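Trainee: I have a structure I would like to understand better, so I am pasting it below and will then ask my questions one at a time.
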Amino acid sequence: MKKAPLESRRQFLHYTALSGAFAGFSLPSLAAQTAIDYREILPQSMTSAGGDFSNYGQPSPYESKIIRWISANPDMPGNGVSWSPLHELQGTMTPNGLHYERHHNGVPDIDPATHILLVDGLVDKPLSFTIDALKRYPMQSRICFIECGGNSNSSWHSRPIETAAAYAHGLVSNAEWTGVPVKYLLQEAGIRNEAKWVVAEAADAASLNVSIPLAKLLDDAILALYQNGERLRPENGYPLRLVLPGWEGITNVKWLRQLRLTESPAMTRDETARYTDLMPDGSARQFSFEMAAKSLITSPSHGMSLPDNPGIYQLTGLAWSGRGKITRVQVSADGGESWVDAELQQPVLSKAFTRFSLPWQWQGQYAVLQSRATDDTGYVQPSREELIAKRGRHGYYHFNAIISWEVSEDGTLYHVYPD
Amino acid sequence: MALSIMFIRISLTLALLCVLPGLAAQPLYQPLGQPAAGLSDKPEWNLTIRPDGGTLPAGSGNAAQGKLLFEQHCAACHGFGAIGGSAMPLIGEVGSLNSEYPEKTVNSYWPYATTLFDYIRRSMPPSDPYALNSNQIYALCAYILSQDGIIKADVELNAVTLPQVTMPNRNGFSAIYPQ
């Protein structure tokens, strides 16, 4: 029988391994091995047939505690958020079942066969699109984060909230969104000169509506049909979601049904009463769309404890900016007295999660761990003190200051404000 | 029939010829939008009410009617008198925005009264959006606004009077886009 080269090589390796064994052990011990019952010494996973195939894979039952943390209104269970467990995850892509949620009145059940998108208002010809039609347009993919404008809002309070990192800062997730560039559809309908804004409306039980500058839709906006390669999850906008890279979550309208081109914003509740930032003088910043640079050490973080003293720990976290690429993440173990550059996982993408890491040798001393992101506009993530000096304590939205974890001498981690 | 099919064939071929050289720069796709001018005029595609009130429906209501409706449909969450419950307060705190403890209510914070009609119709009460009719929604707006004297208790709100209401915080917002 002819042997292929690879096979021969394997045999050769096998042979050397065996000869090694011959060299190391005496014959009697080898003979004794024939009496061994391998079922007793091997793990059960190797001695009995495994489970069945599955039509749609699920996480290991051993990981059943890795879940989104739900905070909803008891009188209105469809109103609230669920936090993405970023402190339990690695890499940069958020699994679809763990992407954060913000719903205003529950997750709608929408049949894609009957759903349409209407593009109208200041256009030459109003057009409607079925989902099947949209699937025939050229698609683009964009890896980007989406962050709720209200993420981290407990950090405006005067006491730090003692909860796991992502249950205070995890209204942000990162995915590959694939769909049709919005500009194709707008151009097909014919944009009139007077059009400057677009009122986007959702088909959920809040009929959520917000106004978006036309310029953003003509820039990098995508009508997403797919999330990380599969069709959108219902809670993330199935069958159609507007994705505006780098802009606050509320503008990434889920369950999209209409884009109406207008001259001016509609002044809806979610761009006046909410998602506006109250300043110390009593005025409010409106249309604060861009999410500024931010970072979060995901491990070690609140609630974790360091088992070895002294010990080496792989400090890691996420950084992102709605204005571009993360160029640098610095890490401090002394509450911002001194900083060291962390390593950035490649590739670093614009308006997307960037994973940073740095090995850290703990000697049992009290420490305050912090990370500080810089983006390619030169913007540096501010300290909490700096942010509050500029914006006061009642902004509620857009908290992007440095987040601090205190390491006590017994190795327990707490959320603190070092200022 | 045959002619038109041929015509499409020819134009497609021409399009391909024109487009192939610049394929990377110029995506080629078939426009698949359906003419929808008929939809654009329908009420279900004109839900948004802008500050000019252009799409406000017919009907009217006042604060006394609104008080009863509020107790029936809203107080369970927003509290009796709309002062807050499991859901936020909707009234009071006018003038508090630059104080140490600012409270953002409809009456203290919202710049436009039209937004109140828009929002109640599209999402309140949460278990039954769109269940209230226009008269009822005008009445609820009148009740909420009158609680802080933004309108007088006897005012009938309708498509003409609602957009004329001046909210206390009308000039409280500054757009930071474009930066």
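Trainee: If you check every pair at least six apart or on different chains, which have Cβ atoms under 8 Å apart with a residue in the range A:334-347 that is under 19 Å from A:Ser404 (Cα atoms) and assigned by TED's automatic domain parsing to the domain that holds A:Glu406 first and a residue that is β-branched (Val, Ile, Thr) and in a loop (DSSP other than H, G, I, E, B) second?
Mentor: A:Gly336/A:Ile402
Trainee: Okay, next question. Given the options B:Tyr101, B:Tyr112, name the one that is in a loop (DSSP other than H, G, I, E, B) and within 8 Å of chain A (Cβ to nearest Cβ).
Mentor: Exactly one of B:Tyr101, B:Tyr112 is in a loop (DSSP other than H, G, I, E, B) and within 8 Å of chain A (Cβ to nearest Cβ), namely B:Tyr112.
Trainee: Quick check on this structure: which one of B:Asp148, B:Asp154, B:Asp128 is more than 10 Å from chain A (Cβ to nearest Cβ), surrounded by fewer than 17 Cβ atoms within 10 Å (Cβ to Cβ) and of a type in the set (Asp, Glu)?
Mentor: B:Asp154
Trainee: Now for a different question. When the residues of the range A:315-331 are narrowed to those that are out of contact with any Ser or Thr (no Cβ under 6 Å at 6 or more places or on another chain) and polar (S, T, N, Q), which ends up farthest from A:Ile143 (Cα to Cα)?
Mentor: Step by step, filter the range A:315-331, then rank; the result is A:Gln330.
Trainee: Also, quick follow-up: Please determine whether any residue of the range A:52-72 is touching a helix residue (DSSP H, G or I) at 6+ places or on another chain (Cβ under 8 Å) and in a helix (DSSP H, G or I).
Mentor: No, the conditions are met nowhere in the range A:52-72.
Trainee: Anything in the range A:140-156 that is more than 10 Å from chain B (Cβ to nearest Cβ) and closer than 15 Å to A:Gln227 by Cα? List them, or say none.
Mentor: If the condition is that a residue be more than 10 Å from chain B (Cβ to nearest Cβ) and closer than 15 Å to A:Gln227 by Cα, then A:Ser141, A:Arg142, A:Ile143, A:Cys144, A:Phe145, A:Ile146 are the ones that fit.
Trainee: Quick check on this structure: which one of A:Met46, A:Met93, A:Met76 is within 14 Å of another protein chain (Cβ to nearest Cβ) and either among the hydrophobic types (A, V, I, L, M, F, W, C) or within 30 Å of A:Leu358 (Cα to Cα) (or both)?
Mentor: Going through A:Met46, A:Met93, A:Met76 in turn, the sole match is A:Met76.
Trainee: Report yes if B:Ser86 is at pLDDT 95 or above and either on the phi < 0 side of the Ramachandran plot or within 11 Å of another protein chain (Cβ to nearest Cβ) (or both), otherwise no.
Mentor: Here the answer is no, as B:Ser86 does not meet what is asked.
Trainee: Is there a residue being outside any loop (DSSP other than H, G, I, E, B), in contact with a Gly (Cβ under 7 Å, 6 or more places away or on another chain), among the hydroxyl-bearing types (Ser, Thr, Tyr) and crowded, with 19+ Cβ neighbours inside 10 Å anywhere in the range A:120-133?
Mentor: Within the range A:120-133 (the criterion being outside any loop (DSSP other than H, G, I, E, B), in contact with a Gly (Cβ under 7 Å, 6 or more places away or on another chain), among the hydroxyl-bearing types (Ser, Thr, Tyr) and crowded, with 19+ Cβ neighbours inside 10 Å), the answer is yes, since at least one residue qualifies.
Trainee: Report, by residue number, each residue of the range B:41-83 that is over 19 Å from B:Val160 (Cβ atoms), away from chain A (no Cβ under 11 Å) and touching a residue at least 40 places away in the same chain (Cβ under 8 Å).
Mentor: Answer for the range B:41-83, where residues must be over 19 Å from B:Val160 (Cβ atoms), away from chain A (no Cβ under 11 Å) and touching a residue at least 40 places away in the same chain (Cβ under 8 Å): B:Ala64, B:Lys67, B:Leu69, B:Phe70, B:His73, B:Cys74, B:Gly81, B:Ala82.
Trainee: Taking the conditions exactly as written (over 18 Å from B:Arg122 (Cβ atoms), modelled with pLDDT of 95 or more and within 12 Å of chain B (Cβ to nearest Cβ)), does A:Asp219 satisfy them or not?
Mentor: Here the answer is yes, as A:Asp219 does meet what is asked.
The values are calculated or read from the model by the stated rules, or taken from the named source; none is laboratory data. Bear in mind that the values here come from a model prediction, so they are computed numbers and not experimental data. Note that each Cβ is placed from the backbone with ideal geometry, even for glycine, and that neighbours are counted across all protein chains shown.
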